[in-house]
Amino acid sequence: MITLFATGAGFGLPEISPYVTKTEVQLMMAGLDYRKTVGSRETAPKGQLPWIEDAAQAIGDSTFIRVHIERKYDVDLDIGLSGKERAQAWAIERMIENQLGWVSAYFRFLEPANFEKGPARWFDQAPAHLRDELRRELKDAVAANIRSVGVGRHLREEVAWLGGLSLRALDELLEDKAYLMRDTHPVGVDATAFAMLAAIMTPFFDSPLRREAESYPRLVAYVGRMMARFYPAYPWGLRQAA
């Protein structure tokens, strides 16, 4: 059986990391049996979560996990899409992960109030004399990554504006369909879009990006639809901000 090494529930979400959510939803889309356990970046093959272990083979990074399950288990998560639609789905996924994801991380990690109530709590069980240093190292590392991709070089309002462009694009692409590419069923890119939008919309964190996302009724309904389909037991509709 496949083992998915995950982050665990938190921040009002079934998984803290949108990339873990993406992989878990794609495993469910593929109809594959798997077990989930909380993983560690220190033991991950690429130093990040998620990763999976499948018949003693370790695969890291959500994109390459998808490649592995599609090839090994003869699954097509984009079933029914034309070549052009597959290209569009890939372009949408890159916009989400290579731009919107970094904007989301900016507001989760670099907004002081959000960092203190969220990521900073990961070290609550560490020895008291190490907690502040660990929190500072995490924040500095994430800030360096966000700056290296360009997002962290902008003013806060400029970062929010950039994220808003991607949200508007997703809303236009979704139109009045149930899912991004098809009205009948979700495909691979829906796992990516849903995971990132849910991470942005969770009321656990306050940000201009969240408020912008919530201003699009179609995106809000889309996240609710995907949550009900893949995490029906999770109380998303009754979620609390703290």
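The values are calculated or read from the model by the stated rules, or taken from the named source; none is laboratory data. Computed from a predicted model, the values in this text were never measured in an experiment. Quick reminder, even Gly has a Cβ in these numbers, built from the backbone with ideal geometry, and neighbours come from all protein chains shown. These accessible areas exclude ligands, DNA and RNA; they are computed on the full protein's heavy atoms, side chains included. Shrake-Rupley method; radii C 1.70, N 1.55, O 1.52, S 1.80 Å.
Figures for the structure shown
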quantity: Leading residue by the ranking (nearest to TRP161 (Cα to Cα)) among those in segment 193-221 that are among the charged types (D, E, K, R) and assigned to a helix (DSSP H, G or I); calculated: GLU212
quantity: Matching helices (runs of 4 or more DSSP H) fully within segment 76-121 where at least 3 residues are under 21 Å from ALA198 (Cα atoms) and either outside the structural domain of PHE204 (by the TED database) or touching a Leu at 6+ places or on another chain (Cβ under 9 Å) (or both); calculated: 83-95, 101-109
quantity: Top-ranked residue in segment 33-55 [being within 17 Å of VAL67 (Cβ to Cβ) and open to solvent by 30 Å² or more (accessible area, probe 1.4 Å); ranked as farthest from the chain's Cα centre (by Cα)]; calculated: ALA55
quantity: Flag for GLN26 being under 15 Å from the mean Cα position of the chain (by Cα), surrounded by fewer than 21 Cβ atoms within 10 Å (Cβ to Cβ) and in contact (Cβ under 8 Å) with a residue 12 or more places away in the chain; calculated: no
